[in-house]
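> Got a structure here, written out as structure tokens. Questions coming.
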Amino acid sequence: MKDKRPVPATEKKTKYDLACLGIAVVDVFGKPIDKFPEKGTTVYFDGMEIHTGGCALNTGIDAAKIGMDVAVLGAVGNDFFGNVLMDTLRDNGVDTKGVVRKPQSTGFSFVMVPPDGSRRIYHTRGANSSYCLADVEMDIVRDSKILHVAGASLLPAIDGKPTADLLKKCQSEGILTSMDPVYQEGISECILPCLEHLDIFLPNNDESKHITGLKIPSEQLRFYLDHGVKIAGIKMGEKGVLVSDGTEVIKLGIYSVESADTCGAGDAFISGFLFGKTRGWNIEDCAKFATAVAAFCVQSVGTTTGIPKSEKIRIFMNDNKLTQPDCPIPVS
């Protein structure tokens with residue numbers, strides 16, 4: 001009798017290792033800015049930098065730089081900043097056939113950086129606000145080993161049940177599913193319906209507080225596993241990471257490196273973890289590699305600037321040791 005079970009994603013013959021679906025943003029940094037001008041007046045600052053951002057772009061570009069075949073799915077405006085994002089994706093070897101152009105402006109953040117680094121941000125969702133299931137290029141999704149939803153809770157036209165339905169469909173077709181949220185008021189309403197359809201869920205500790213109502217990382221981890229997530233992890237910044245597949249619990253520290261900018265470190269971690277999954281690694285090896293990718297990210301200014309090829313990351317791992325993890329007692 002023919003086996004009708006879905007083929008595991010790591011064994012599928014596909015065009016793409018990874019399809020990143022989610023938010024696309026241009027980040028404009030002005031510094032130093034430590035006060036708002038009075039109405040009708042001008043305050044001058046020293047410099048401005050333009051960077052691509054948004055979880056889908058960050059994770060997609062990181063994954064492509066490591067060595068994965070990647071497509072990004074999302075929405076940008078039919079404007080100058082939309083062109084910037086599209087060119088950046090293509091320049092980094094990312095397939096953009098799944099990116100739709102919308103009449104709204106491209107998602108945009110103006111980041112005001114004071115001398116002490118504590119940023120103030122003005123943000124408009126722009127084209128991200130109207131991206132919906134009808135915009136999803138399913139041929140790309142079906143031709144991918146993993147679908148990663150990046151920036152959940154900031155995609156109002158697809159968040160919640162539409163995303164859950166998409167994830168469920170992917171799992172039924174043997175596609176691994178992954179998600180990374182962004183904190184937004186009411187985030188639990190967006191995330192909870194999706195958990196039972198997720199193979200991989202790697203939020204951070206702060207996001208998990210709002211999703212689960214729990215503060216302790218090990219309790220958050222147990223919550224996700226109990227709600228159907230196959231592999232759950234809690235990213236805890238300098239305290240390390242806690243990951244479990246329900247059978248074993250892995251606690252890891254970090255690689256001690258000099259940090260220039262922590263923006264994008266979470267996205268870098270996820271790209272590394274998904275890289276390992278497409279190669280059939282166990283969760284510990286995936287998490288170690290992911291931690292190393294994040295270490296490269298924080299050493300450079302910009303969300304994707306410092307990410308090298310996988311070979312250089314492996315050399316770094318051989319030459320450096322992880323710190324001892326600073327985690328609460330794990331789930332049993």
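The values are calculated or read from the model by the stated rules, or taken from the named source; none is laboratory data. These numbers were taken from a predicted model, which means no experiment stands behind them. Here Cβ is always computed from backbone atoms with ideal geometry, including for glycine, and neighbour counts include all displayed protein chains. Remember, those area values only see protein heavy atoms, side chains included, never the ligands or the DNA or RNA. Shrake-Rupley method; radii C 1.70, N 1.55, O 1.52, S 1.80 Å.
> In a shell of Cβ-Cβ distance under 14 Å around Gly107, excluding Gly107 itself, what net charge do Lys and Arg (+1) and Asp and Glu (-1) give?
So the environment of Gly107 carries a net charge of +1.
> Let me ask you something else. Taking only the alpha-carbon positions of the stretch 54-206 and ignoring solvent, what does the Debye formula give for the base-10 log of I(q)/I(0) at q = 0.18, 0.21 Å⁻¹?
Treating every Cα as an identical point scatterer, log10 I(q)/I(0) equals -1.18, -1.52.
> Pick from Lys277, Lys312, Lys65: which is most flexible by mean-square fluctuation in a GNM of the chain where alpha carbon atoms under 10 Å apart are linked?
Of the options given, Lys312 has the highest mean-square fluctuation.
> Evaluate the relative contact order of the chain (contact order divided by residue number), counting alpha-carbon pairs under 8 angstrom at least 6 apart; express in whole percent.
With pairs under 8 Å counted, the relative contact order is 16 percent.
> Take Asp34, project a point 7 Å from its Cα along the Cβ direction, then tell me which residues of the stretch 98-113 have their backbone nitrogen under 19 Å from it.
From the stretch 98-113, the list is 111-113.
> Using only alpha carbon positions, build the gyration tensor of the stretch 140-267, then give the equivalent ellipsoid semi-axes as the square roots of 5 times its eigenvalues, largest first, whole angstrom.
Rounded to whole Å, the semi-axes are 23, 16, 16.
> How about the stretch 242-328: which GluC sites (Glu not before Pro) there are in a DSSP loop, with at most 16 other Cβ atoms within 10 Å of their Cβ?
Glu248, Glu258
> Per the Kirkwood definition applied to all pairs of different Cα atoms, how many angstroms is the hydrodynamic radius of the stretch 1-140?
16.9 Å
> So what's the gap between the Cα centers of the stretch 53-125 and the stretch 168-218, to the nearest angstrom?
Centre-to-centre (Cα) distance: 22 Å.
> Still on this structure, please answer the following. Give, as a single signed number, the net charge of other residues whose beta carbon lies under 11 Å from the beta carbon of Asp206, with Lys and Arg counted +1 and Asp and Glu -1.
So the surrounding residues net to +2.
> Just the number please: accessible area per residue for the stretch 226-295, 1.4 Å probe, all protein chains included, in Å².
Accessible area per residue: 36 Å².
> Right, next: How large are Rg and Dmax for the chain when only the alpha carbon atoms are used, in Å?
Final numbers for Rg and Dmax: 19.3, 78 Å.
> Can you compute the modelled spin-label distance between Asn318 and Glu196, with each label point 7 Å from Cα toward Cβ, in nm?
Placing both labels 7 Å beyond Cα along the Cβ direction yields 4.7 nm.
> On to the next question. Give the separation of the Cα centroids, the stretch 219-293 to the stretch 22-52, in Å.
Spelled out, the Cα-based centre of one part sits 33 Å from the other.
> A further question on this structure: Quick one: of the DSSP bridges fully inside the stretch 14-77, what percent are antiparallel, nearest 5?
65 percent
> Let me ask you something else. Using only the Cα atoms of the stretch 223-312, what semi-axes does the equivalent ellipsoid have when each is the square root of 5 times a gyration tensor eigenvalue? Give whole Å, largest first.
After scaling each eigenvalue by five and taking roots: 23, 14, 11 Å.
> Quick one: if the Förster radius is 51 Å, what FRET efficiency do Val257 and Ala134 give, using the C-beta to C-beta distance and rounding to 0.05?
After rounding, the FRET efficiency stands at 0.75.
> Where both partners of a DSSP beta bridge lie in the chain, what percent of those bridges are antiparallel, to the nearest 5?
40 percent
> So which residue, out of Ala290, Ala134, Ala152, gets the largest mean-square fluctuation from a GNM of the chain using Cα contacts under 10 Å as springs?
Highest fluctuation among the options: Ala134.
> Under 25 °C and 0.890 mPa s, how fast does the stretch 173-221 diffuse according to Stokes-Einstein, given a Kirkwood radius computed over C-alpha pairs? Answer in µm²/s, whole number.
In µm²/s, the coefficient rounds to 216.
> Another question about this same structure. Could you check the spin-label model distance between Lys168 and Asp116? Points 7 Å from the Cα along Cα→Cβ, value in nm.
4.9 nm
> Per the 1.4 Å probe, what fraction of the accessible area of the chain, in percent, lies on carbon and sulfur atoms?
Carbon and sulfur together cover 50 percent of it.
> Among all helices in the chain defined by DSSP H, which have a length of 18 Å or more along the axis from Cα atoms plus a Kyte-Doolittle mean of at least -0.5?
265-278, 283-298
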